[in-house]
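Presented below is the structure to which this report refers.
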Amino acid sequence: MSQNENSTTMQSAGNHRSNTCCFCWCCCCSYPWREDDDRFRRTSGDIKLETLQKCEASAKPTAEEVHSWAQSFDKLMKTPAGRNVFREFLRTEYSEENMLFWLSCEDLKNEANKSVIEDKARMIYEDYISILSPKEVSLDSRVREVINKKMAEPTTHTFEDAQLQIYTLMHRDSYPRFLNSSVYKSLLQRSSSTSSES
């Protein structure tokens, strides 16, 4: 085959969208919404997951707050300051995508507009669920299968099982290391010295 014929074959293969890609064991590539990437990737004033990439706005945590984070993972995750500090720690462990996914799911739960819900759900899928994503979160096959089925008609509850699984993973795996990390210990020390000066 000549070089021209080879490049023509590659171009036509690139333009053809099959139902699944060669790397994909799930049905993520077969959804109709994958057919129109321009519509899917459109930028909307309403939908900006990139804004979730930045840390949440939060006041400086009090010494009491910082100490409460050691009492339970729930207390850490309930405050924006706690989520920010934990996210910084996750970044050092190369697992920040877990927090980003969890925050994106929380954002989706607060949405009421059906078309925005569908777009946000597809963005979350593309960013964190697709096995082709560099920020893919670690989910078991049962949860992936449930999500793949729900993506036919996404709702604010599409990722509930996955969000719970990632929350549990962070709680059991990352949270104990966070409590023993220099990130938390130095924050604890600074907050204790600040409160003793007061």
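Residue 114 to residue 138: FRET efficiency via 1/(1 + (r/R0)^6), r the Cβ-Cβ distance, R0 35 Å, to the nearest 0.05? Could you put the intermediate results ahead of the total?
Working: r = 30 Å, r/R0 = 0.85.
It comes to 0.70.
For every other residue with a beta carbon closer than 10 angstrom to the beta carbon of residue 96, add +1 if it is Lys or Arg and -1 if Asp or Glu, then tell me the sum. Let's see the in-between values first.
Values: positive: 87, 91, 135; negative: 88, 93, 97.
Once positives and negatives cancel, what remains is 0.
How many percent of the alpha carbon pairs in the stretch 98-141 exceed a separation of 16 Å?
Details: 335 of 946 pairs.
Roughly 35 percent, rounded to a whole number.
For the stretch 124-163, run through the GluC sites (Glu not before Pro) and keep only the ones in DSSP coil with at most 15 other Cβ atoms within 10 Å of their Cβ. All intermediate terms of the calculation are to be shown ahead of the outcome.
Values: sites: 126, 136, 145, 160; in loops: 136.
Hits after loop and neighbour filter: 136.
What would the Debye formula give as log10 I(q)/I(0) at q = 0.13, 0.21, 0.23 Å⁻¹ for the alpha-carbon point model of the stretch 133-198, no solvent?
Log10 of I(q)/I(0), two decimals: -0.57, -0.89, -0.98.
Which of the lysines could a cross-linker span from residue 135 if the Cα-Cα distance has to be under 22 Å and same-chain partners fewer than 8 positions apart are dropped?
The qualifying lysines are 48, 54, 109, 120, 149, 150.
Considering all alpha-carbon pairs of the stretch 81-190, what whole percent are spaced by more than 18 angstrom? Before the final figure, lay out each step's value.
Working: 3024 of 5995 pairs.
Summing the P(r) tail past 18 Å for the stretch 81-190 gives 50 percent.
FYI, it's all coordinate maths here, none of it is from the lab. Here the structure is a predicted model, which means the values were calculated and not measured. Cβ sites come from the backbone with ideal geometry, for glycine too, and all protein chains shown count toward neighbours.
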